[in-house]
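Participant: Before I ask anything, here is the structure I am working with.
Read-outs: derived from the displayed coordinates by stated rules, not from any lab. Not measured: the values here are computed from a predicted model. Cβ coordinates were reconstructed from backbone atoms using ideal geometry, including for glycine residues, and neighbour counts include every protein chain displayed.
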Amino acid sequence: MATINTITLLSPAKINLCLSVLGRRPDAYHDVEMLMQMVGLFDEVTVSLGGSGVSVSCDSHAVPSGEENIAWKAALEILRISGQETGLAIEIKKNIPVAAGLGGGSGNAAAVLMALNRLLGIGLDRDRLAEIGARIGMDVPFFFFGPTALARGRGEILTELTPLPHFPVLLVNPGFETSTAWVYKNLNLGLTKKGDCNKIARLNLRNIALGLHNDLEQVTSVVHPVINKIKDALLDQGALGALMSGSGPTVFGIFETVAACRVAADRLSPEGWRSYPVETLTASPFAELRSG
């Protein structure tokens, strides 16, 4: 049987249908409850064994290489755990906007962990991979439990949920980055409303759209009023609901039909925002590797 030295994975974006901040923790993180959902916008992550050292290359100048890259950190962590000495190269083709509230980097890190688990024959289960991922970034564990999951704690306590109904989503990115750390630092817990993320996961599409909730939106939208402008524009174009994802600045709108979603994308294009008509995923692109 031939030895596999290279694996390529599609690494999906995520949106937060609900993000409630429950309180500040002694370790300086926050306790959260999040309903997270994979959507069909993908980076392509290729991991190859060979050579010496760990290298990361990316076709986007917005993504750091070397030790600054979260995928590099993921590779070093799992190599350390495996006890194996090998060189490897990571190549990332970016389609997901960077620092945009869509979990692009976290998904890339999860893809590297998943690929190396298979390439090195380590045989770690997804709970162990998620545990490793949590040391690298709080959104990383979700990608082992998607496409739909409820996240608690700092984001590392995951409950896999029955996938939500398949529906179209229009992602709209205004073209700048936001810092998750800055957003949490400036969050006023006294103003948070704390939506019921677990309840939303059990609703039908129209009620999911009505129940969208993100406690971080108040912080980002004050500094970047374009967030509310995009939300209003999506609703004007027929979205059932609209919300900022994560710490932003990407805003998404939920639509009833693919056609309506694409028409909205076309009509918003003169604004100069980046629009991505996608659909929710009902299966994880990592599922095949996860089961092996």
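Participant: May I ask which residue of Leu171, Gln37, Asn204 lies farthest towards the positive end of the charge dipole of the chain, with charges of +1 (Lys, Arg) and -1 (Asp, Glu) on Cβ and the Cα centre as origin?
Facilitator: The listed residue farthest towards the positive side: Asn204.
Participant: Can you tell me the dipole magnitude for the range 1-142 around its Cα centre, using point charges on the Cβ only (Lys, Arg +1; Asp, Glu -1), in Debye to the nearest 20? Please report the intermediate quantities before stating the final value.
Facilitator: Numbers: 11 positive and 15 negative charges, 18 e Å.
Computed charge dipole of the range 1-142: roughly 80 debye.
Participant: Next up: How big is the convex hull of the Cα atoms of the range 6-161, per residue, in Å³?
Facilitator: Numbers: hull volume 16.6 nm³, N = 156.
Roughly 106 Å³ of hull volume per residue.
Participant: What is the angle, in °, between the Cα long axis of helix 104-119 and the longest principal axis of the Cα atoms in the chain? Nearest 10 is fine, range 0 to 90.
Facilitator: Taking the Cα atoms of the chain, the angle to 104-119 is about 30 degrees.
Participant: Now, a different point. In debye, nearest 20, what is the charge dipole magnitude of the chain about its Cα centre with +1 on Lys and Arg Cβ and -1 on Asp and Glu Cβ, if you could check?
Facilitator: So the dipole magnitude of the chain works out to roughly 460 debye.
Participant: Rounded to the nearest 20 debye, what is the charge dipole size of the range 168-279 about its Cα centre when +1 sits on each Lys and Arg Cβ and -1 on each Asp and Glu Cβ?
Facilitator: Numbers: 11 positive and 10 negative charges, 52 e Å.
Taking the Cα centre of the range 168-279 as origin, the dipole is about 240 debye.
Participant: So how many Å³ per residue does the convex hull of the Cα atoms of the range 80-168 work out to?
Facilitator: 124 Å³
Participant: Something else: Can you sort Asp139, Asp196 from fewest to most other Cβ atoms within 10 Å of each residue's own Cβ?
Facilitator: In order of increasing Cβ crowding within 10 Å: Asp196, Asp139.
Participant: Here's a follow-up. 7 Å from Cα along Cα→Cβ at both Ala259 and His166: what's the point-to-point distance in nm?
Facilitator: Placing both labels 7 Å beyond Cα along the Cβ direction yields 1.8 nm.
Participant: Hey, got a sec? Which GluC sites (Glu not before Pro) in the range 51-132 land in a DSSP loop and have at most 12 other Cβ atoms within 10 Å? All intermediate terms of the calculation are to be shown ahead of the outcome.
Facilitator: Values: sites: Glu67, Glu68, Glu77, Glu85, Glu91, Glu131; in loops: Glu85.
When the GluC sites (Glu not before Pro) of the range 51-132 are filtered for loop state and at most 12 Cβ neighbours within 10 Å, Glu85 remain.
Participant: Expressed in nm to one decimal, what extension gain is obtained for the pair Asp196 and Trp182 from 0.36 nm per residue of sequence separation less their Cα-Cα distance? Don't jump to the answer; show the numbers that get you there.
Facilitator: On the way: separation 14, 0.36 × 14 = 5.04 nm, distance 2.46 nm.
Separation in residues times 0.36 nm, less the Cα-Cα distance, equals 2.6 nm.
Participant: Which angle from 0 to 90°, rounded to the nearest 10, does the C-alpha axis of helix 70-82 make with the longest principal axis of the chain?
Facilitator: 40 degrees
Participant: Tally the DSSP beta bridges in the range 6-161 and give the antiparallel ones as a percent, rounded to 5.
Facilitator: Roughly 85 percent of the DSSP beta bridges within the range 6-161 come out antiparallel.
Participant: Considering only Asn207, Asn108, Asn16, give the residue with the highest GNM mean-square fluctuation for the chain, with springs between Cα atoms whenever their separation is below 10 Å.
Facilitator: Its mean-square fluctuation being the largest, the pick is Asn207.
Participant: Related question: Taking a label point 7 Å from the Cα of Arg24 along the Cα→Cβ vector, which residues of the range 150-184 have an amide N closer than 12 Å to it?
Facilitator: Of the residues in the range 150-184, 184 have backbone N under 12 Å from the label point off Arg24.
Participant: Taking K and R as +1 and D and E as -1, what net charge do the other residues with C-beta under 13 Å from the C-beta of Glu67 add up to?
Facilitator: Taking every other residue near Glu67 into account, the sum is -1.
Participant: Out of the trypsin sites (Lys or Arg not before Pro) in the range 74-143, which ones are loop residues according to DSSP with at most 16 other C-beta atoms within 10 Å?
Facilitator: Working: sites: Arg80, Lys93, Lys94, Arg118, Arg126, Arg128, Arg135; in loops: Lys94, Arg135.
Sites meeting the loop and neighbour criteria: Arg135.
Participant: Continuing with the same structure: Run the lone-cysteine check on the chain: no other Cys C-beta under 4.7 Å from the residue's C-beta.
Facilitator: So far as the 4.7 Å Cβ criterion goes, Cys58, Cys261 stand without a partner in the chain.
Participant: Ok, one more. I need the calculated FRET efficiency for the pair Glu279 and Lys93, taking r as the beta carbon distance and R₀ as 25 Å, to the nearest 0.05.
Facilitator: Efficiency at R0 = 25 Å is approximately 0.75.
Participant: Let me ask something else about it. When only alpha-carbon atoms are used, what values of Rg and Dmax, in angstrom, describe the range 120-279?
Facilitator: Looking at the range 120-279, its Cα Rg and Dmax stand at 16.8, 51 Å.
Participant: If you don't mind, there's one more thing I want to ask. Taking all pairs of distinct Cα atoms, average 1/r, flip it, and tell me the Kirkwood hydrodynamic radius of the chain in Å to one decimal place. Intermediate results must be reported in sequence, preceding the final value.
Facilitator: Numbers: mean 1/r = 0.0519 Å⁻¹.
For the chain, the Kirkwood estimate is 19.3 Å.
Participant: Need one number: nm distance between label points at Glu68 and Ile81, each 7 Å from Cα along Cα→Cβ, rounded to one decimal.
Facilitator: 2.7 nm
Participant: Rank the residues Thr250, Thr180 as a footprinting-exposure proxy: fewest other Cβ atoms within 10 Å of their Cβ go first.
Facilitator: Thr180, Thr250
Participant: Reachable lysines from Lys199, Cα under 26 Å, same-chain residues fewer than 8 places away excluded?
Facilitator: Partners found: Lys14, Lys231.
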